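Computed from the coordinates by the stated procedures, all read-outs in this text should not be read as laboratory data. The model shown is predicted, which means the values in this text are computed figures rather than measured ones. Please note: Cβ atoms are built from the backbone with ideal geometry, for glycine as well, and neighbour counts cover all protein chains shown.
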Amino acid sequence: MTHDSVANLGAVRDSIAAAAKAAARPATSVNLVAVSKVFPIEAILPVLQAGQRIFGENRVQEASRKWPQLRETYPDIELHLIGPLQSNKAEDAVRLFDVIETIDRPKIARAIAAAIKKTGQKPRLFVQVNTGEEPQKAGVAPIEADEFLKSCRDEYGLKIAGLMCIPPADEEPSLHFALLEKIARRNNISRLSMGMSADYETAIAFGANYVRVGSAIFGPRPRISHG
Ligand SMILES: *Cc1c(COP(=O)(O)O)cnc(C)c1O
């Protein structure tokens with residue numbers, strides 16, 4: 001299994017390079033975020049040893065159990081929070097993550113601003129947009145995105161570096177990628193986090209700078225219950 005993940009990583013990197021080339025984009029404009037949620041340290045190590053440095057986790061607590069010790073060996077790791085954030089975890093998140101991709105409401109923006117002030121840490125921040133307007137999914141509604149971005153800047157003093165989306169599972173993702181790109185462009189935001197195992201090549205065609213790939217590298221996720 002560990003051997004598979006290293007081979008998978010190579011294959012994903014090759015596909016990213018090919019998709020960037022097909023889109024006439026420099027390969028360096030697309031960053032691979034290896035999504036290691038649920039997988040233990042033993043599964044992550046071979047991928048680190050193979051040179052991967054950007055990783056995504058969706059839970060603050062799980063990440064805090066795994067990454068501080070990995071960072072001792074690999075100080076150049078870049079860790080992304082890609083799951084919903086609760087305001088009472090904002091300080092932990094700001095201490096642990098280099099990039100927080102899931103700012104999506106005033107309460108979180110306020111908590112992150114306070115945590116940055118308190119800790120002096122400055123993670124890069126992305127706003128999550130619920131492009132499919134799915135009630136069960138996190139993210140600001142597309143129609144509220146401009147105003148939310150403005151309030152992040154003007155009310156909370158947050159610099160927003162990018163936008164992130166997770167398209168509905170049963171819809172053509174390209175419509176959602178195009179919508180996210182449009183919202184970013186009209187708000188002068190240059191970074192897009194979009195595309196997962198099933199659709200990262202499409203996302204690259206639509207301008208993704210960060211693709212978040214889990215199962216195509218690590219294999220199917222074991223089902224575990226979080227307590
Ligand atoms: C789990 C997850 C991914 C990775 O999904 P795969 O389909 O396994 O590549 C990407 N983004 C987010 C927000 C996730 O929660």
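Of the peptides 73-79, 11-17, 191-197, how do they stack up when ordered by the mean number of other Cβ atoms within 10 Å, highest first?
191-197, 11-17, 73-79
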Inset, instruction - Sequence neighbours fewer than 8 away in the same chain don't count; with that in mind, list the aspartates and glutamates whose C-alpha is under 19 Å from LYS107. - result: GLU91, ASP92, GLU144, ASP146, GLU147, ASP154, GLU155
Legend entry - Point-to-point label distance, ALA17-ARG185, nm (Cα→Cβ direction, 7 Å offset): 3.0 nm
Inset, instruction - Quick one: grab Rg to one decimal and Dmax as a whole number for the range 1-130, Cα atoms only, in Å. - result: 15.8, 45
Legend entry - Packing-based order for 121-128, 179-186, using average beta carbon neighbours within 10 Å, highest first: 121-128, 179-186
Inset, instruction - Take peptides 105-117, 20-32 and line them up by average Cβ neighbours within 10 Å, highest first, as a rough protection proxy. - result: 105-117, 20-32
Legend entry - Distance between the range 51-122 and the range 124-180 - C-alpha centres, whole angstrom: 18 Å
Legend entry - Sites GLN49 and ASP98 - FRET efficiency at Förster radius 35 Å, r taken between beta-carbons, to 0.05: 0.95
Legend entry - Hz values of 3J(HN,Hα) by residue in the range 16-32 - Karplus curve (6.51, -1.76, 1.60), Gly and Pro given as x: 4, 4, 5, 5, 5, 4, 4, 8, 6, 10, x, 4, 6, 7, 10, 9, 8
Inset, instruction - Kindly provide the Kirkwood hydrodynamic radius of the range 187-227 in Å, to one decimal, from all pairs of distinct alpha carbon atoms. - result: 11.7 Å
Legend entry - Which listed pairs, of LYS66/LYS137; LYS21/LYS122; LYS21/LYS117; LYS21/LYS89; LYS66/LYS182; LYS137/LYS159, have C-alpha distances above 31 Å, in listed order: LYS21/LYS122; LYS21/LYS117; LYS21/LYS89; LYS66/LYS182
Inset, instruction - Would you kindly work out the equivalent ellipsoid of the chain from its C-alpha gyration tensor and give its semi-axes, the square roots of five times the eigenvalues, largest first in whole Å? - result: 26, 23, 16
